[in-house]
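Colleague: Please see the structure below; I have some questions.
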Amino acid sequence: MVFFVKGVDLLVVGAKVIAVCVSCVVLWKYFSRRIDKLEEENNESSSIENNIKEATEPLSPRSVVVVTVNGVVHRIENPSPRLTLLSWLRDSLKLTGSKIGCGEGGCGACTVIENDAHAINSCLRLVVACDGMSITTIEGLGSKASGYSEEQIALADGNGSQCGFCSPGWSVAMRGLRNEGEVTAERIERDLDGNICRCTGYRPIVESFKNAFADVELAAEPCRSVATGKPCGGLCGVVDKVRGLSYVAPTTLKELYGLVDGLSYEPVELVGGATATIGVSKYYGDCLGPPWEGGLLTSGARLVATKSVPELCEISATRDRLVVGAATTISELAKTLESYEGSQKLAVGARHLRRVANHQVRNSATWAGNLVLAARASGFISDVLAAFCVLDATIKASRVVRGRRETARRSAEELVRDIRENRCAGCVILSMSVVLDDDDDDDKRSFAYADKVSARHSNAHAIANCGLAVVLRASGKVATARCVLGGVADKAARALVKSVVGKFLDNSTVQVALREIRAACDSPDSYEADLAVGLAYKGLLGATAPDLPLLRSALLSLAADRPVTSASQHVSGADNIDNAPASVGRVKLAARLQASGEAAYATDVDAVAGELHAHFAIVNSKNLSSGAGALATLDVAKALRVPGCVDVITSANLAARYGSVGTLGDDDDPLLYGIGDDVFVGARVAIAVATDYAAAIQAARAVVVSVAAKEAASYGRLVDPATALAAHFGGAGKDAASRTCRGVRGKWRKIGLPRPGHLEVRDSRVCVEHVGRRREKSRDAVEVRGTLRTAQTKHFHMETHAARAVPLEDAVLEVYSSSQDNALAQTTIAGVLAYPEHKIVVKCRRAGGGFGGKLTLHLAAASAVSVVAEKHGVACRLHAERRDDMNSTGGREPSTCAYAATIDPTTLELQTYAVDFELTAGVATSDATGSGSMAVAWSDNVYLAAHHIARTSAIQTRAPRNTSMRSPGVLQSHATHELAMVHLAHALKKPIHEVQEASFYAVGDATPYGNVLGENGFNYTVPKLWANAKPRYLLRRDAVDAFNTANKYKKRGVYLMPTKFTIGLSDWKIPAFVVIYSDGTVDVTTGGAEIGQGLYTKVAACAAKTLGCDIDLVRVCATATDKVPNSTCTGGSGTSESACNAAILACQTLADRLATYVEESTTWTDAVSAALGDGVELAATGYNNLNTGQEFDYATYGVGLAEVEVDVITGEVGVVEMSLHLDQGTSLNSEIDLGQIEGGCMMALGFFFTEVNVVDPKTGAQSAQGTWEYKPPMISDIPLNLNVTMLPNTPNACDVSVLRSKASGEPPMQCAAAMFFAAREAVSAAREALAGNTDFFSLPIPATPEAIRTACLLADDNLVVHI
């Protein structure tokens, strides 16, 4: 029986031992520097009995862990071995600047600095493994009180912080990078690959750090130096008797062997960094075995540390060989290899190692642990294995043979194979060695190649990889070859080697090799097989040293060979200094607080005595292995036995206590599902309550359910739109929605929707129809039909759903919710608890991102903590674990968009356009109906059709509820219309820009909603924006044509995308409350939530302008239902300006009251004092309640120019240029709006290329779970050249606009569709060049590497090494 380390670090195999190697858990023995004695070491052995005998007091560990945090030494008495550094920092030290983002090392929100040297993920480090270490958190870098650090200032003042949740992690990661040595622009863009930002689009972060730190030495900052704590010494450890866990830290290799070999059948877990055990193994069926389950250390294990052993921490070298211990991190190994110049194989190996995981993980994880994970996790593709193949690394390991430990050597591939086949009894990896020189001489030439293809360019596991090393004789024949092809069967690599050794690398040999590779793949027609063939071809091509540019570009990786990016911003022309401090660019007021970790979020507030933690128990895939159906049984007994669990609440408990289960804004979405209810993967079935965060999660996962398979007729059906719209708009029942879908007055669930008149329900679909400017109908009209399909995308806000409830006197509950809709949360909680609404006070200071995901999906968390707080009479908090959060919530609705269009072939005018949107709603349909209605309402974009008709429907499915996501419905709608235009241009054989221009609206044209362009506030600037962008487009089009002619396997495309995003200001009913204090300071509270869009800063500026005071005197308070009740939700891009208008109205009232005093006083403070002395009331309310009589009041216009490069062989995409031209009117804050434009662009890039979540239609199981499988864009995905220009001196013509501004949050996303269509142009060029195919084709959204590779029609016989 063989057991191995669970992580990336250590490997122990044997019937007696379970080796769970966590990130840095791999053992290696001290090596003599005399490598000439390596053969003698083969005979080294030691008696297991002696190892046990010489182990020092293995069973009497001490119970103190010493850790220095920000210069303060902490002695932790007997911490549980399950406690992570992140949890300890937040819960015990109250250092909440380190955030709970993903809990698996994939997002960087929890980044800290280890030993003043480098950045690591605190969520992946166990506290017991920190003995003797110094840790620097974001609080240790700087603060408002002690002075901000250079990193915090650079990030904040460079507008690199929006919602701010990720900002502390970025600051710390940058400091860690600086601590490591010389910082260059290239290193910043390469090694800041472990941090995700969902808001900014990365450009301001990158530029801020490059401007501040590239090629600049780290100045000494003695005031923030970190003291070094001392380990307790000896064989120390801790014991958690309640959970049956212990941790021992041996100080010699003999002691470690004694612990491993001498504990009978008691399970032993070798622990280092825990990156695999906590972060990865859960995605491979908990492949490293118990006690690690779902990334949690549960119970019943003895942990043995490895980093405490001095013999395991050396790297040695001789003149010609390098020996690296198994506990060496991947970062240190790569750095060591890079220090040897002149060797191609070392450089290639190091470069590929730099692509493993991310920088923080590489700083913790060991190379040996990665190999162990490759052996134990079926389907895991090891990039370390590919690199070691290139390096020709030899692995030294010890194993038990006839009662003795003996050492042996083998290749990395052999080691992994032996582990898989259980041929390494008691194996402990010790070291790797590599010859330093390449195999070059007068008779031979060597070549090394390694590459991988992933869902995105960095911080992503390989879909497939390749490590190839070839030695060629002077004759040109292949002397030797080594190869690893990850993602396909091992025999594929062996087939390659067999096909080329002894042969010349000509076209014939290469073709034979590629055929053999494909034939050896288990699925020869799969994308993985395509990649194995393609990557092998690239390696063989490189070995031939091609001198033809036509072929040579194939060797360049769009991911690994990215140049440093550049950017430009031209936005000041949209300012209006006369409105200062409004209408000018300025940094967010809370930017430095966010960058320093001082800005607090829902669960950052210190816990009070007795505070509880909650977590949802959800149905998982194992429960539905036999198919979906009704919940049959629900057993909470096991959950209640979890140490720390105090309660498990079910729907039956809710019904008994409150009279009903409670619903979340839709009758089909209950707070908890009960016995007999149809359920799906992600359905909430219980609320687990515990004394700490980890225990709540563990208890939730311990709830046992069974499902009785059955067909549910209510699923997979078209919903009645009248009912769905009524629910969506806040009505009740079918009668609440009229035929014209007006809804009811009050809370409009989908702000931004046109309400009266134009949207209708016809034939079970929401519809709009319009007859435009009369055009002569052409008898020769060309007609096209097609379909665009889009997958579900997730909101992936950096802060998962979080809430905290505190019981107050008189049965009042104060709820802190990460929310975009406090009023809806208040109403929902009151309904669940059967409380009057005034007993529920909901507050939100800020949310760590929203993007529509916290309009309705936040209601579950807010309701759950309220239930617990009401029942137990103590405070309760819930911070959803990332994977559970993603499994239990939906995202942007998947859609099928069918279009039909006709065009006059002579005038190129659009005759008809018809489109039918079908959105998949999940279990609750009201949100999807609203998103579909927006798709209909915005379906015309900038194009006039003589006859325009758009319809939408929603399909109810057994899956978590889908909901609005940034630019809901509109993103799909505009992409569909644009595809129809492309299709028409293809049918006419006309340049696309000519077809676009001929169908543009003109001034005087009416839209389907009655707005006349050029009248009543609807200025029309698309022609001007188009004219500004077109010259660059034509120039790049010619350059792209030249590029495509000169490159066989790389193709480029360029595209120009226009957009019109309409806004109806009557939709936002936003209150404001303003108070002026005696010292002249001002508090402003509005109904708008700060979710990163800069609402508070815009409101403060507008208030200061209206009052005539300095902006520094203004504070914008947390939005709260007891101060600003009954507000519309925050969303639709119009909340900021509407909240500003509400504040302006309140401030104008106060300004009028103060007018006389201001005239008579020399200072603002004197005027306020004088007014108060006269009894003037200096508190006022304002209410944004516009009713213009129009469905839409103005439009934000834009044009996006994109140039994209496609790797035909792999399907990878690189954005060469993205230039955005926007009409923002007079911007309320051009710096903030710039961030919204760039952030929207990058979120759209994810929608179009990297983010995909496939939902099983029968069970609701989602493919994208956590950061391992779901891939929002990262720093390495940003366009190489990103430019933003705001149209200068073009104030909004709408009289009711706020200071002549325009919305900025969502309009830019449609412009970003230019990247998708540019990629499509590149694919079209590839199809024609490689297959002679000029047919029209469809490309799905997202256009993943697999989709693009398939669409390029590349055949294996197209792959040649000589022309």
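Colleague: For the list (1) open to solvent by 10 Å² or more (accessible area, probe 1.4 Å); (2) touching a Pro at 6+ places or on another chain (Cβ under 7 Å); (3) farther than 21 Å from Thr920 by Cα, I need the number of the one condition that Lys839 fails.
Modeller: Answer for Lys839: the failing condition is (2).
Colleague: Now, a different point. Of the residues that make up the stretch 169-176, is at least one open to solvent by less than 20 Å² (accessible area, probe 1.4 Å) and either farther than 23 Å from Glu598 by Cβ or free of Cβ contacts under 8 Å to residues at least 12 places away in the same chain (or both)? Before the answer, list the steps.
Modeller: As a first pass, look at the stretch 169-176 and keep what is open to solvent by less than 20 Å² (accessible area, probe 1.4 Å): 169-174, 176.
In the following step, the residues that additionally are either farther than 23 Å from Glu598 by Cβ or free of Cβ contacts under 8 Å to residues at least 12 places away in the same chain (or both) were identified as none.
Scanning the stretch 169-176 turns up no residue that is open to solvent by less than 20 Å² (accessible area, probe 1.4 Å) and either farther than 23 Å from Glu598 by Cβ or free of Cβ contacts under 8 Å to residues at least 12 places away in the same chain (or both).
Colleague: Which one of these does Pro1031 not meet: (1) open to solvent by less than 30 Å² (accessible area, probe 1.4 Å); (2) without any contact (Cβ under 8 Å) to a residue 24 or more places away in the chain?
Modeller: Failed condition: (1).
Colleague: Limited to the stretch 444-461, what total is found for residues that are closer than 17 Å to Glu189 by Cβ and of a type in the set (A, V, I, L, M, F, W, C)?
Modeller: 1
Colleague: Separate question: Considering only the stretch 479-495, how many residues are crowded, with 22+ Cβ neighbours inside 10 Å and over 37 Å from the mean Cα position of the chain (by Cα)?
Modeller: 2
Colleague: Given the residues Ser557, Ser568, which is the only one that is open to solvent by less than 10 Å² (accessible area, probe 1.4 Å) and out of contact with any Ser or Thr (no Cβ under 7 Å at 6 or more places or on another chain)? Talk me through it step by step, then tell me what you get.
Modeller: Working: Ser568 fails: open to solvent by less than 10 Å² (accessible area, probe 1.4 Å).
Selected residue: Ser557, the only one of Ser557, Ser568 that is open to solvent by less than 10 Å² (accessible area, probe 1.4 Å) and out of contact with any Ser or Thr (no Cβ under 7 Å at 6 or more places or on another chain).
Colleague: Any residue at all in the stretch 1241-1255 that is assigned to a loop (DSSP other than H, G, I, E, B), touching a residue at least 60 places away in the same chain (Cβ under 8 Å), open to solvent by 10 Å² or more (accessible area, probe 1.4 Å) and more than 28 Å from Ile188 (Cα to Cα)?
Modeller: Pass one, the stretch 1241-1255, residues assigned to a loop (DSSP other than H, G, I, E, B): 1251-1252, 1254.
If we keep only those that are touching a residue at least 60 places away in the same chain (Cβ under 8 Å) too, we end up with 1251-1252, 1254.
This time we only want the ones that are open to solvent by 10 Å² or more (accessible area, probe 1.4 Å), so: 1252, 1254.
From what's left, more than 28 Å from Ile188 (Cα to Cα): 1254.
So far as the stretch 1241-1255 goes, yes, one or more of its residues are assigned to a loop (DSSP other than H, G, I, E, B), touching a residue at least 60 places away in the same chain (Cβ under 8 Å), open to solvent by 10 Å² or more (accessible area, probe 1.4 Å) and more than 28 Å from Ile188 (Cα to Cα).
Colleague: Among the residues that make up the stretch 659-669, is at least one of them in contact with a helix residue (DSSP H, G or I) (Cβ under 9 Å, 6 or more places away or on another chain), among the charged types (D, E, K, R), modelled with pLDDT of 95 or more and open to solvent by 30 Å² or more (accessible area, probe 1.4 Å)? Write out each step before concluding.
Modeller: Residues of the stretch 659-669 in contact with a helix residue (DSSP H, G or I) (Cβ under 9 Å, 6 or more places away or on another chain): 660-669.
Next, only the ones that are among the charged types (D, E, K, R) stay: 666-669.
From the residues that got through so far, the ones that are modelled with pLDDT of 95 or more too are none.
Within the stretch 659-669 (the criterion being in contact with a helix residue (DSSP H, G or I) (Cβ under 9 Å, 6 or more places away or on another chain), among the charged types (D, E, K, R), modelled with pLDDT of 95 or more and open to solvent by 30 Å² or more (accessible area, probe 1.4 Å)), the answer is no, since none of the residues qualifies.
Colleague: Could you say whether any residue in the stretch 1102-1119 is crowded, with 24+ Cβ neighbours inside 10 Å, more than 23 Å from Arg1300 (Cα to Cα) and within 33 Å of the chain's Cα centre (by Cα)?
Modeller: Looking through the stretch 1102-1119, at least one residue is crowded, with 24+ Cβ neighbours inside 10 Å, more than 23 Å from Arg1300 (Cα to Cα) and within 33 Å of the chain's Cα centre (by Cα).
Colleague: Checking Cys741 against (1) on the phi > 0 side of the Ramachandran plot; (2) at pLDDT 50 or above; (3) in contact with a Leu (Cβ under 6 Å, 6 or more places away or on another chain); (4) open to solvent by less than 40 Å² (accessible area, probe 1.4 Å), which test does it fail?
Modeller: So Cys741 meets the others, but not (2).
Colleague: Looking at Asp916, Asp885, can you tell me which residue is outside any strand (DSSP E or B) and among the charged types (D, E, K, R)? It would help to see each step written out before you state the result.
Modeller: Values: Asp916 fails: outside any strand (DSSP E or B).
Just one listed residue meets the conditions, Asp885.
Colleague: Quick one: what pairs do we get from the stretch 1016-1028, first residue buried (at least 16 other Cβ atoms within 10 Å of the Cβ), second in a helix (DSSP H, G or I), C-beta under 8 Å, 6+ apart or different chains?
Modeller: Close Cβ pairs satisfying both conditions: Trp1026/Glu997.
Colleague: Considering only the stretch 436-458, state which residues are open to solvent by 30 Å² or more (accessible area, probe 1.4 Å) and modelled with pLDDT under 95.
Modeller: Those that are open to solvent by 30 Å² or more (accessible area, probe 1.4 Å) and modelled with pLDDT under 95: Asp437, Asp438, Asp439, Asp440, Asp441, Asp442, Asp443, Lys444, Arg445.
Colleague: Please specify each residue of the stretch 671-697 satisfying the condition of being open to solvent by 20 Å² or more (accessible area, probe 1.4 Å) and closer than 26 Å to Asp821 by Cα. It would help to see each step written out before you state the result.
Modeller: Initially, the stretch 671-697 is screened for residues open to solvent by 20 Å² or more (accessible area, probe 1.4 Å), giving 675-678, 684, 691-694.
Correct list: Arg684, Tyr693.
Colleague: In this structure, is Ser134 open to solvent by less than 20 Å² (accessible area, probe 1.4 Å), over 27 Å from the mean Cα position of the chain (by Cα), farther than 25 Å from Val608 by Cα and at pLDDT 95 or above?
Modeller: Working: open to solvent by less than 20 Å² (accessible area, probe 1.4 Å): yes; over 27 Å from the mean Cα position of the chain (by Cα): yes; farther than 25 Å from Val608 by Cα: yes; at pLDDT 95 or above: yes.
Answer is yes for this residue.
Colleague: Next question, about the same structure. If we scan the stretch 351-358, do we find a residue that is free of Cβ contacts under 8 Å to residues at least 40 places away in the same chain, of a type in the set (A, V, I, L, M, F, W, C) and touching an Asp or Glu at 6+ places or on another chain (Cβ under 8 Å)?
Modeller: Scanning the stretch 351-358 turns up at least one residue that is free of Cβ contacts under 8 Å to residues at least 40 places away in the same chain, of a type in the set (A, V, I, L, M, F, W, C) and touching an Asp or Glu at 6+ places or on another chain (Cβ under 8 Å).
Colleague: Of the residues in the stretch 433-458, how many are within 22 Å of Ala334 (Cα to Cα) and within 35 Å of the chain's Cα centre (by Cα)?
Modeller: 10
Colleague: In the stretch 1016-1086, which strands (runs of 3 or more DSSP E) lie fully inside it and hold 3 or more residues that are at pLDDT 95 or above and over 30 Å from Trp1164 (Cβ atoms)?
Modeller: On the way: elements: 1050-1063, 1070-1076, 1082-1086.
Where strands (runs of 3 or more DSSP E) fall fully within the stretch 1016-1086 and carry at least 3 residues being at pLDDT 95 or above and over 30 Å from Trp1164 (Cβ atoms), they are 1050-1063.
Colleague: Mind telling me which of the residues Ala607, Ala656 ends up being closer than 30 Å to Arg90 by Cα and either buried (at least 18 other Cβ atoms within 10 Å of the Cβ) or not charged (D, E, K, R) (or both)? Let's see the steps before the verdict.
Modeller: Numbers: Ala656 fails: closer than 30 Å to Arg90 by Cα.
Just one listed residue meets the conditions, Ala607.
Colleague: From the residues in the stretch 138-168 that are crowded, with 24+ Cβ neighbours inside 10 Å and polar (S, T, N, Q), which one is nearest to Ser566 (Cα to Cα)? Break it down stepwise before answering.
Modeller: Here is the first cut: in the stretch 138-168, the ones crowded, with 24+ Cβ neighbours inside 10 Å are 138, 140-142, 151-152, 155-156, 159-168.
So of that shortlist, the ones also polar (S, T, N, Q) come out as 152, 159, 161-162, 167.
Details: Gln152: 22, Asn159: 17, Ser161: 19, Gln162: 21, Ser167: 22 Å.
So, considering only residues that are crowded, with 24+ Cβ neighbours inside 10 Å and polar (S, T, N, Q), the one nearest to Ser566 (Cα to Cα) is Asn159.
Colleague: So which residues in the stretch 549-583 are hydrophobic (A, V, I, L, M, F, W, C), part of a loop (DSSP other than H, G, I, E, B) and over 22 Å from Leu535 (Cβ atoms)? It would help to see each step written out before you state the result.
Modeller: Applying the first criterion (hydrophobic (A, V, I, L, M, F, W, C)) to the stretch 549-583 yields 550-551, 554-556, 558-560, 564, 567, 571, 574, 577, 580, 582.
Cutting the leftovers down to part of a loop (DSSP other than H, G, I, E, B) gives us 556, 558-560, 564, 571, 580, 582.
Across the stretch 549-583, the qualifying residues are Val564, Val571, Ala580, Ala582.
Colleague: Looking at Ile395, Ile429, which one is within 37 Å of the chain's Cα centre (by Cα), without any contact (Cβ under 8 Å) to a residue 40 or more places away in the chain and open to solvent by less than 10 Å² (accessible area, probe 1.4 Å)? First the steps, then the outcome.
Modeller: On the way: Ile429 fails: without any contact (Cβ under 8 Å) to a residue 40 or more places away in the chain.
Of Ile395, Ile429, the one residue that is within 37 Å of the chain's Cα centre (by Cα), without any contact (Cβ under 8 Å) to a residue 40 or more places away in the chain and open to solvent by less than 10 Å² (accessible area, probe 1.4 Å) is Ile395.
Results for (1) open to solvent by 10 Å² or more (accessible area, probe 1.4 Å); (2) farther than 23 Å from Thr1196 by Cβ; (3) at pLDDT 95 or above; (4) outside any strand (DSSP E or B), shown as yes or no for each residue.
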| residue | (1), (2), (3), (4) |
| --- | --- |
| Gly932 | no, no, no, yes |
| Ile949 | yes, yes, yes, no |
| Asn962 | no, yes, yes, yes |
| His974 | no, no, yes, yes |
| Glu978 | no, no, yes, yes |
| Met981 | no, no, yes, yes |
| Gln996 | no, no, yes, yes |
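Colleague: Go through the residues of the stretch 795-807 one by one and say whether even a single one is farther than 22 Å from Ala959 by Cα, more than 25 Å from the chain's Cα centre (by Cα) and open to solvent by less than 40 Å² (accessible area, probe 1.4 Å).
Modeller: Step one: of the stretch 795-807, the residues farther than 22 Å from Ala959 by Cα are 798-799, 803-807.
When the remaining residues are screened for being more than 25 Å from the chain's Cα centre (by Cα), the result is 805-807.
Remaining after also requiring open to solvent by less than 40 Å² (accessible area, probe 1.4 Å): 805-806.
Yes.
Colleague: Still on this structure, I have one more. Suppose we filter the stretch 71-103 for residues that are open to solvent by less than 10 Å² (accessible area, probe 1.4 Å) and charged (D, E, K, R); how many remain?
Modeller: Counting residues in the stretch 71-103 that are open to solvent by less than 10 Å² (accessible area, probe 1.4 Å) and charged (D, E, K, R) gives 1.
Colleague: Sticking with this one: Would you check which residues across the stretch 936-947 are in a helix (DSSP H, G or I) and within 26 Å of Asp904 (Cβ to Cβ) and list them?
Modeller: Selection gives Val936 alone.
Colleague: Still on this model: It is to be established whether one or more residues within the stretch 1252-1272 are closer than 28 Å to Ser1219 by Cβ and polar (S, T, N, Q).
Modeller: To start, the set of residues in the stretch 1252-1272 that are closer than 28 Å to Ser1219 by Cβ comprises 1252, 1271-1272.
Those still in the list that are polar (S, T, N, Q) too: none.
No, every residue in the stretch 1252-1272 fails to be closer than 28 Å to Ser1219 by Cβ and polar (S, T, N, Q).
The values are calculated or read from the model by the stated rules, or taken from the named source; none is laboratory data. Just so it is clear, the model here is predicted, and its values are computed rather than measured. As a convention, Cβ positions derive from the backbone with ideal geometry for all residues, glycine included, and neighbour counts pool all protein chains shown. Heavy atoms of the whole protein, side chains included, go into the accessibility calculation; ligands, DNA and RNA do not. Shrake-Rupley method; radii C 1.70, N 1.55, O 1.52, S 1.80 Å.
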